[in-house]
Amino acid sequence: MIDDKSIIELFFARSERALEELDAKYGKLCHTLSLNILNNRQDAEECVNDAYLGIWNAIPPARPDPLRAYVCKVVRNVSLKLWHRRGAEKRNSVYDVALKELEDCLPAPDTVEAEAEGRELTRVIEGFLDGLREENRVIFLRRYWFSDSYAEIAARTGIPEKSVSMRLVRVRKQLKRYLAEREVYV
Amino acid sequence: MNAKAFSEALGEIDGKYIESAISYETRRPRAAHTRRWLIPLAAAILTVLLAGTVAAAAIMLGDLWVQKPSADPVEVVRSALENQAGKEYALNIEVDRVEIDEAETDRVRERFIKGTIADRRGWSDAHLARHFLVVRADYYAQYDHTQTTRADGEVTMYFYLTQDVDSGAWTIVDNSGNVNWLEDDSPVTGAPAAQTAEEQLSAYLSDLFDRAYSPYYDGLRYQIDDYGETMDGDTVTATFLWTMYYLGKGWDVGTDEGVEQQVSQSLQAKAVVDENGALVPETISVLADERAVGDPVYSVPIEETFPDQLGD
């Protein structure tokens, strides 16, 4: 398997092998991520292909580093767009369940004007993540960024599933307190 | 709706967070700051192992770990943690993970036990390989702060166990310096706070004594015995017997050269405790007992007992 730099060079050379190499290296990761959000293999397949097209159009001029995180971001965004479009459908994906978990810990604004802007909120979230112990940060991101199931997180971290659940409850409480103290409303 | 907005904002975080969440491995190397506790704890291990009895361990550990020796070392640690949950000052103990840490076992065995300690005890490498273990436990603890100075939060603790050759039962002889991540919103930076007031005072005094005596003596190590503490508002007052061990110079008795000596003194320490259970460094004061016999009178600042020049 070739390294990320070589894959990017293939994109710059407009070689279709770039997509083959990208899929060989990160295809499984992308499909899992999209499937966790959409809970539908066909939709996930479609989203990953759309993401590849987006990446093909973005590189060049973009030269993302790290490539893996960039690819995941694109796949997540494309998958969420489809998730929103088909919002009325019942999916019961891990993403749906994870969103419900988050609902309770987010302080609601009194007025629309009080809502934090997306970019500002992202910076606040990064501040929160910086303050977490590494293991908890990974658990939080695996659940709410990657929409992993508790079982998947347990397998990845070596922490029992029940403990993963307890950790997430505690981290969400921390998040609620963190946002409230900074008067950040979502 | 707001969870969706949050999720979208989360999607835009810097790639480094995503990368670290992908590349995270279960058995990642521990952070360097964990290691700093292994040096003082090694002295404690040596003390217990030299004493060589479970009774000594029980005295040293006080009521901290009530354990059930068992053929299964993981169960011994688990039972100690479960018993901790039954203490009046413990509101909640949630055990995440308990497992034998082979790498840490090898490291502690190689670095701290082999050699002098093993020779004195008559332990072969094969004996050490079979009868000494380090067990790692990750758990979450919440304490009643009106009763204890221990801090809440997630704890990674290393337990040191020895096995009785005849019965096969494992017993905890010591535990590590309580690497504790306070459940706080502030970024976790620098060294973690020691968990109990006793451990924090031990660390504080060890540092103080190292600076005072290391120009003169080798082999310095310290021990606290007969520890007791009371809380008055946010101030903790502790009394204890502080023992300094060092290698003799043989100035008075020639045969003492290179042989471990010890000197003990009764001390009283006071300090303000912050909301996380950490002693506020600038408030720590330590007084030595001015009397050689009878009830102690704590009146001599510890710094005044230090030598300016040992030869004087």
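Brief remarks on what is shown
- Net charge contributed by nearby residues that have their C-beta within less than 13 Å of A:LEU99 (K/R +1, D/E -1): 0
- Probing with 1.4 Å while keeping every protein chain in the model, the per residue accessible area of region A:36-90 equals 53 Å².
- Chains A and B together, accessible area buried on both sides, 1.4 angstrom probe, square angstrom: 4400 Å²
- Over region B:205-249, accessible surface divided per residue gives 46 Å², non-protein components excluded, 1.4 Å probe.
- In this structure, the residue pairs whose Cα-Cα separation is over 31 Å, taken from A:LYS162/B:LYS270; A:LYS28/B:LYS16; A:LYS176/B:LYS270; A:LYS100/B:LYS87; A:LYS162/B:LYS87, are A:LYS162/B:LYS270; A:LYS176/B:LYS270; A:LYS100/B:LYS87.
- Taking 7 Å steps out from each Cα toward its Cβ at A:ARG170 and B:ASP232 produces label points 3.4 nm apart.
- Residue list for region A:44-66, given a label point 7 angstrom along the Cα-to-Cβ vector of B:SER23 and an amide N cut-off under 12 Å: A:66
- Peptide A:63-70 has a mean shielding of 4, counted as Cβ atoms of other protein chains within 10 Å of each residue's Cβ.
The values are calculated or read from the model by the stated rules, or taken from the named source; none is laboratory data. Note that the coordinates shown come from a computational prediction; the quantities given were computed from them, not determined experimentally. No Cβ is skipped: glycine too gets one built from the backbone with ideal geometry, and neighbour counts run over all protein chains shown. The area values use the complete protein model at the heavy-atom level, side chains included, leaving out ligands, DNA and RNA. Shrake-Rupley method; radii C 1.70, N 1.55, O 1.52, S 1.80 Å.
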